[in-house]
1. Can you return the lysines within cross-link range of Lys53? Criterion is Cα-Cα under 24 Å, with same-chain partners fewer than 8 residues away left out.
2. Shape of region 9-175 from its Cα gyration tensor (a ≥ b ≥ c, root eigenvalues): rounded if a/c is under 1.5, otherwise prolate when a/b > b/c, or oblate?
3. Can you find, among Thr175, Phe149, Leu108, the residue sitting farthest towards the positive end of the charge dipole of the chain, where Lys and Arg contribute +1 and Asp and Glu -1 at Cβ?
4. Under a Cβ-only charge scheme (Lys and Arg +1, Asp and Glu -1), can you give me the dipole magnitude of the chain about the Cα centre, in debye to the nearest 20?
5. Please rank Leu37, Leu108, fewest neighbouring Cβ atoms within 10 Å first, as an exposure proxy.
6. Using Cβ counts within 10 Å as a stand-in for footprinting exposure, how do Ser114, Ser31 rank, fewest first?
7. Looking only at region 9-175, where both bridge partners belong to it, what percent of the DSSP beta bridges are antiparallel (to the nearest 5)?
8. Rounded to the nearest 500 deg cm²/dmol, what is the calculated helix-only ellipticity per residue at 222 nm for the chain, with -39500 (n - 2.57) per DSSP H run of length n ≥ 4?
Amino acid sequence: MAFDDECDYLFKAVLIGDSAVGKSNLLSRFSRDEFHLDSKPTIGVEFAYRNIKVGEKLIKAQIWDTAGQERFRAITSSYYRGALGALLVYDITRRATFNNLRKWIDELREFGDSDLVIVLVGNKSDLGQKREVAEEEGRELAEREGLCFMETSALENLNVEEAFLQMINQIHEITR
Ligand code: GDP
Ligand code: MG
């Protein structure tokens, strides 16, 4: 947690999960209220900022996105360094992205801070007719691992704000 001129706290959070689960669109929705139908995996911003008021404090969240390295399992430890929060994302229409969560959780625990706040996010809830992972499965995994859980749609802007704010509020609780 660092200090900044205009805000009370500045902290880093990361987006993680398999390729094409919707990480970049969740971030563009949260930071700029934008969605892109055919976002290119390799054209990622390094990070985006958003200021949020929590109680009396102004918090500046610096949220890091991958530039597609997750396709090659090439996320390095520096990506996680200093992060206080993580949004771990899978796609409810692709079972494989849910099965791979084990690997991502292990990686987060290995490289992340010991009190890293993790929110598990099942994205693309608008595609209910193509669903391969029940909401209950996500909830159960989150409970077992001690994570928060939420299903979102970056497309329809459902629960996106809530998922990020849940993470930010929890970080604030821990660090104040
Ligand atoms: P990333 O590789 O995890 O960063 O995934 P992207 O954000 O690039 O999204 C991959 C694809 O899924 C793109 O074609 C997006 O338009 C699409 N997508 C992302 N979020 C949603 C969503 O909530 N619903 C639907 N239907 N499509 C989504
Ligand atoms: Mg991306």
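1. Correct list for Lys53: Lys12, Lys23.
2. rounded
3. Leu108
4. Dipole of the chain, to the nearest 20 debye: 440 debye.
5. Taking fewest neighbouring Cβ atoms as first place, the list is Leu37, Leu108.
6. Ranked by crowding around the Cβ, least crowded first: Ser114, Ser31.
7. 30
8. After summing the helix terms and dividing by residue count, I get -9500 deg cm²/dmol.
Here, each number is a calculation from the coordinates, and none is a lab measurement. Everything numeric here is computed off the predicted structure, so don't read it as measured data. Positions of Cβ are backbone-derived with ideal geometry, glycine not excepted, and every protein chain shown enters the neighbour counts.
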